[in-house]
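Have a look at the structure below before the remarks.
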Amino acid sequence: MPESSILYYITDRTAFPGNEPTRRRHLLDKIAEAAATGIDYIQLREKDLPTRDLESLAREAMQIISQKRKLTTDHCPLTTALLINSRTDVALAAKAAGVHLRSSDISPQEVRLAWRGAGAPARELSPQNPLITVSCHSPAEVEKAATNQATFAVFAPVFEKKDSPGSIPTGLEALRQACRAKIPVLALGGITMQNAELCLEAGAAGIAAIRLFQENDIATIVRELRYSSR
């Protein structure tokens with residue numbers, strides 16, 4: 001995988017052991033690890049949380065990421081961006097870089113309108129042009145995301161997922177077709193160290209995953225994915 005490939009960590013605090021405060025602490029530690037090791041995007045996907053708790057978690061995540069950015073050097077820039085799952089309001093409140101949308105959510109254009117229409121404090125504290133990713137499950141949905149001015153698409157599930165053995169994977173050929181769209185496409189779903197290269201060969205701009213990053217040492221994963229084939 002070339003060094004320029006996009007790496008996209010999707011969070012799931014419920015996969016960590018322990019009670020809620022313990023899981024939250026584990027997740028924030030993982031976010032710090034991801035930001036320190038060059039993950040490009042972190043999607044905060046804790047969709048079961050009430051708004052207040054999600055916003056609090058997002059603010060803590062942004063604080064961690066901002067602290068890592070202060071360590072930036074010319075040799076090793078740290079530019080991790082935080083995206084909030086489906087919640088434009090929370091993304092604005094937490095000063096996140098943008099949002100991740102499900103295919104059934106509002107359109108990217110509506111997100112941009114809401115972003116521009118936010119109050120003055122939110123506009124001053126948040127990026128003027130939000131990053132918007134969209135979940136897609138077919139080449140047609142990727143084309144729609146491109147037409148609607150998404151930043152890039154997350155295409156899934158490419159392979160069968162361990163936690164959903166009955167799910168029907170889209171496969172590499174569908175991924176290859178999806179990657180013909182005019183926006184970058186990330187491969188998601190059953191991604192492992194063994195099949196990631198196949199996704200890149202099919203035209204994917206990078207890899208999105210939950211378990212691959214959350215259940216492993218992220219520095220090792222980044223090193224293997226970005227540098228082993230150089």
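The values are calculated or read from the model by the stated rules, or taken from the named source; none is laboratory data. All figures in this text were calculated on a predicted structure; none of them were measured in a lab. Glycine also receives a Cβ, built like all others from the backbone with ideal geometry; neighbour counts cover every protein chain displayed. Note: areas computed on protein heavy atoms with side chains; ligands, DNA, RNA excluded. Shrake-Rupley method; radii C 1.70, N 1.55, O 1.52, S 1.80 Å.
Per q in 0.21 Å⁻¹, report the Debye log10 I(q)/I(0) for region 137-230, using one uniform scatterer on each alpha carbon and no solvent.
The calculated log intensity ratios at q = 0.21 Å⁻¹ are -1.02.
Going down the list K47/K144; K30/K95; K47/K161; K68/K95; K30/K144; K47/K95, which pairs span over 27 Å between their C-alpha atoms?
K30/K144
Keeping all protein chains in position, work out how much accessible area E215 exposes to a 1.4 Å probe, and write it in Å² to the nearest 10.
That residue has around 120 Å² of solvent-accessible surface.
Counting Lys and Arg as +1 and Asp and Glu as -1, each charge on the Cβ, what is the dipole of the chain about the Cα centre in debye, to the nearest 20?
420 debye
From the phi of every residue in region 56-62, what ³J(HN,Hα) in whole Hz does the Karplus formula 6.51 cos²θ - 1.76 cosθ + 1.60 yield, where θ is phi - 60° and glycine or proline is x?
Here the 3J(HN,Hα) series is 4, 5, 5, 5, 5, 4, 5 Hz.
Pick from F152, F213, F16: which is most flexible by mean-square fluctuation in a GNM of the chain where alpha carbon atoms under 10 Å apart are linked?
F16
Among A209, G190, A178, whose Cα projects farthest towards the positive end of the dipole of region 129-230, with charges put on the beta-carbon of Lys, Arg (+1) and Asp, Glu (-1)?
With unit charges placed on the Cβ atoms, the residue in question is A178.
Out of K144, K162, K95, any idea which swings most in a Gaussian network model of the chain, alpha carbons joined below 10 Å?
The residue with the greatest mean-square fluctuation here is K162.
Taking Rh as the Kirkwood radius computed over C-alpha pairs, what is the Stokes-Einstein D of the chain at 4 °C in a medium of viscosity 1.567 mPa s, expressed in µm² per second?
It diffuses with D of about 73 µm²/s by this estimate.
If the elastic network links every pair of Cα atoms under 10 Å, which of A153, A32, A178 fluctuates the most in the Gaussian network model of the chain?
In the Gaussian network model the winner is A32.
Using the Karplus curve 6.51 cos²θ - 1.76 cosθ + 1.60 with θ = phi - 60°, work out ³J(HN,Hα) for each residue of region 200-205 in order, rounded to whole Hz, and write x for Gly and Pro.
5, 5, 7, x, 5, 7
Mind listing the phi-derived Karplus ³J(HN,Hα) values for region 63-68, rounded to whole Hz, using 6.51, -1.76 and 1.60 with θ = phi - 60°, and x for any glycine or proline?
5, 4, 5, 5, 5, 5
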